[in-house]
Amino acid sequence: MKRPWLVLRLLVLGTALLVAVAWAYGVGKARTRRHSWDATLSVAVVLIGNVPLSDLAVKRFSEGLPELAGLLGAELSRYRPGAPAPFAFERVGPIAMPSAPPWPEGQDLMSRAKYAYLLHQYLGDVHDRAQMDRRAYDVRIYVWAEPARDAATLAEGLAAQGGDIGLVRASFDETDATLAWMALGHELMHCLGATDKYDAAGHAIDPDGLADPERVPPYPQSHAE
């Protein structure tokens with residue numbers, strides 16, 4: 001009597017294993033393609049927020065995307081002359097959302113699993129509202145945008161190293177979106193496998209975090225890290 005159940009259990013476990021292996025292979029293949037720098041990666045920059053941005057602010061933010069793509073392309077050409085442009089940005093939105101994306105609250109297994117679920121639900125809502133096919137892009141950066149207040153701007157973000165999703169919180173207006181562009185580029189590089197070059201206090205790590213690590217003597221540096 002136990003044998004049919006044993007066979008069924010083995011079939012279920014075997015199927016689950018095959019699905020997991022196929023998923024891991026697909027993820028690994030996508031990451032290898034992103035890291036090869038042999039083709040232009042499509043990057044969705046999804047503007048979201050619960051306070052309407054002015055048309056001029058959206059225009060100002062959007063104008064910086066080609067410039068950012070050009071700067072990153074120029075950096076790639078220093079190391080691989082003739083390589084294709086690394087990124088093609090496409091702005092999606094702005095999309096009205098009632099709240100900001102969830103932010104991680106802990107690093108233990110349960111906290112990370114809860115966060116992954118909440119983020120999946122949240123981004124699914126974003127995609128539905130934007131009528132957006134997430135599979136059409138190699139990388140997606142979601143920018144929670146806030147109007148700048150009292151001439152003050154902010155920008156922070158997070159992204160899984162080597163992943164395909166990044167989150168940015170930024171404030172900007174029709175005159176300046178510099179910090180938003182910087183945070184966007186920073187999190188995009190994390191998606192491509194780059195690591196932070198500063199410590200927990202925000203100080204540049206010597207020598208990897210220095211703009212000119214081969215300078216003798218190393219200080220003072222003539223450029224920002």
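The values are calculated or read from the model by the stated rules, or taken from the named source; none is laboratory data. All values reported here derive from a predicted model rather than from experimental measurement. Ideal geometry is used to build each Cβ from the backbone, glycine not excepted, and the neighbour counts take in all protein chains shown. When the accessible area is computed, the model is the full protein with side chains, heavy atoms only, and any ligands, DNA or RNA have been set aside. Shrake-Rupley method; radii C 1.70, N 1.55, O 1.52, S 1.80 Å.
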**Report entry** Accessible surface, segment 60-191, averaged per residue in Å² (probe 1.4 Å)
**Finding:** 55 Å²
Query - Length-normalised contact order for segment 103-190 - Cα pairs under 8 Å, 6+ apart - percent - result: 23 percent
Report task. Apply 1/(1 + (r/R0)^6) to the Cβ-Cβ distance of residue 125 and residue 56, taking R0 = 25 Å, and write down the FRET efficiency to the nearest 0.05. Result -> 0.35
**Report entry** Where labels lie 7 Å past Cα in the beta-carbon direction, separation of residue 78 and residue 115 in nm
**Finding:** 3.1 nm
Report summary line: Counting only protein heavy atoms with a 1.4 Å probe and every protein chain in place, the carbon and sulfur fraction of the accessible surface of segment 127-225 in whole percent equals 49 percent
